[in-house]
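What follows is a single structure, written as structure tokens, with notes after it.
The values are calculated or read from the model by the stated rules, or taken from the named source; none is laboratory data. Please read all numbers here as calculations on a predicted model, not as lab measurements. Methodologically, a virtual Cβ is constructed for each residue, glycine included, from the backbone with ideal geometry; neighbour enumeration extends over all protein chains shown. Just the protein is used for accessible areas: all its heavy atoms, side chains included, with ligands, DNA and RNA removed. Shrake-Rupley method; radii C 1.70, N 1.55, O 1.52, S 1.80 Å.
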Amino acid sequence: MPEVRHDPFLGTRVLIDGSRLERPTLPTTGCPFCVGGLESPEPYRVKSFPNRWPALGPGRCEVVLYTSDHDATFPSLGAEGAREVIDLWAERTMTLGAADDVDYVLVFENRGPAVGATITHPHGQIYAFDHVPDRPARVLAAGWRPDDDPGERAVCHHGSWSAWIPEAPTFPLELHLAPTERRGGLVDCDDADRDDLAGLLVDVLDRLDRLFEEPLPYMLWLYQRPTVAEGYDDAWFHIRIVSPWRGKGLMRFIAAAELATDEYINEIVPESLASRLRAL
Ligand SMILES: [Zn+2]
């Protein structure tokens, strides 16, 4: 089990786990997510299973496979395939969140070696926390809600869901996706909401892959209502996507002055980027 420590001055929570150094960075034989592979002996369309190297400890970390097609991308799943992923995200959020010792379920994806994804087969992950982590807690406390009028920063929309670039992104490429009517999380989204989200995710991720005509490395996560019994009635479900690329193959590194101050310099103008994404 990892050991929980806190920075005494900043309060930052850190999990210390030396055993993680022993986990493989790449599978030695074939893809473990393809049908017949280590994690997927049987045929499937989408599936989730416990992560063999659970960063938060046993029972708290899962892997989600978006398709059995190794060479697929999220956009190539189409809205129907994306909907199956969304339904699985919703089911796992509900099931994991139902446990008394789970207060927050984080659904996320790291895509591409530039952000540490060691297996290219389309997949994401889920972490089930025993507390509400600091950053989502701050987002909730601030009463996050969608940008009513993103104007030149608007990217696209599908029915009840829209995507835009936030006013002050800390990453060169950052998008927010949210429903126009408040939903706490996927479990509050009906069929129509989920179909709209599926359409929007496929559209947005397709635009992002065409931006540099190369698969974009990105990190994607869902900010859903904490899975506690009471409170957080104003939580507004949304999705954030960020990429460390500031140009094709060009990594943006968080520099000393930014890390030192938690203040950022972004050389990509959100309005210009939104215009490029709208035109794709
Ligand atoms: Zn595979």
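For the reader, a short list of remarks on this structure follows.
- Scanning region 180-197 for residues that are farther than 19 Å from P226 by Cα and touching a Phe, Trp or Tyr at 6+ places or on another chain (Cβ under 7 Å) turns up D196, L197.
- Hits in region 100-119 (condition: small (G, A, S) and either assigned to a helix (DSSP H, G or I) or open to solvent by less than 40 Å² (accessible area, probe 1.4 Å) (or both)): G112, A114, A117
- A search for C-beta distances below 8 Å between a residue of region 85-111 that is closer than 11 Å to D130 by Cβ and any residue that is open to solvent by 50 Å² or more (accessible area, probe 1.4 Å), counting only pairs 6+ apart in sequence or on different chains, returns D101/D130; V102/D130; D103/D130.
- Every residue from region 223-276 that is surrounded by 12 or more Cβ atoms within 10 Å (Cβ to Cβ), under 21 Å from Y127 (Cβ atoms) and among the hydrophobic types (A, V, I, L, M, F, W, C): V228, A235, W236, F237, I239, I241, V242
- Note on region 120-215: enclosed strands (runs of 3 or more DSSP E) holding 3 or more residues that are buried (at least 21 other Cβ atoms within 10 Å of the Cβ) and either away from the ligand (no atom under 16 Å from the Cβ) or of a type in the set (G, A, S) (or both) are 123-129, 161-164, 173-179.
- Qualifying position, being within 23 Å of E80 (Cβ to Cβ) and free of Cβ contacts under 8 Å to residues at least 60 places away in the same chain, among A229, A178, A142, A163: A163
- Qualifying residue in region 106-113 (condition: aliphatic (A, V, I, L, M) and more than 16 Å from the ligand (Cβ to nearest atom)): yes
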